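No lab work stands behind these numbers, since they all come straight from the coordinates. Quantities reported herein were computed from a predicted structural model and do not represent experimental measurements. Cβ placement follows ideal geometry from the backbone for every residue including glycine, while neighbour counts extend to all protein chains displayed.
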Amino acid sequence: MGRVSVKANKNIYQLKREELGLSREEASEKTGVSADKIEKIENRGVTPYPEEVLAMAEGYKEPALCNHFCSKECAIGRQYVPEVSIKDLRQIVLEMMVSLNNMQGKQTRLMEISIDNTVDDDQIADFVEIQGELEKISVLVETLQFWSEEMLAEGKIDREKYEAIKAKLK
């Protein structure tokens, strides 16, 4: 088991590595990211490359590292990628159903707004409200995707069957 740092402000990459009980050398073997680079990412505030985050996410079996990187560390992602937190499947589904039900009554209004391909002053409030509800649905879709990826990484969903079914649907 790797030595645990007593540093106060550990970043997400160090916390996950230590949670797994891995030394930097062991983490390097699992991820293909050099131990030296892992040390720089953890202690010197060096921003990892996307490929390194992906390798750590796969090696640590922690897909949420990708969302953290994109939503917090990537200049483009900070503007366009919402932070997604893993939730219980029941909670995701219930929140999704509430949002979809909320949208049912707003579909007609969205069509009325969009009919002339503009958003007039008297339509802005409704448009912003509908856009907000759609953003909630989008985040919930991403949350469900992350939940699936976590279950696949942990072996709680059979990856082979999952991928075969996904391939059929394409």
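Taking 7 Å steps out from each Cα toward its Cβ at residue 138 and residue 100 produces label points 1.9 nm apart. Taking a straight Cα-Cα cut-off under 21 Å and skipping sequence neighbours fewer than 8 places away in the same chain, the lysines within cross-link reach of residue 170 are 161. Loop-resident GluC sites (Glu not before Pro) (DSSP state other than H, G, I, E or B) in the stretch 72-170 with no more than 16 further Cβ atoms inside 10 Å of their Cβ: 83, 154.
With each label modelled as a point 7 angstrom along the Cα→C-beta vector, the residue 35-residue 20 pair spans 1.6 nm.
When Rg and Dmax are taken over the Cα atoms of the chain, they come to 20.5, 64 Å. With respect to the chain, whose longest principal axis is taken over its alpha-carbon atoms, helix 124-153 is tilted by about 30°.
Where the alpha-carbon atoms of the stretch 73-121 are placed on the principal axes, they occupy 38, 33, 14 Å, in descending order.
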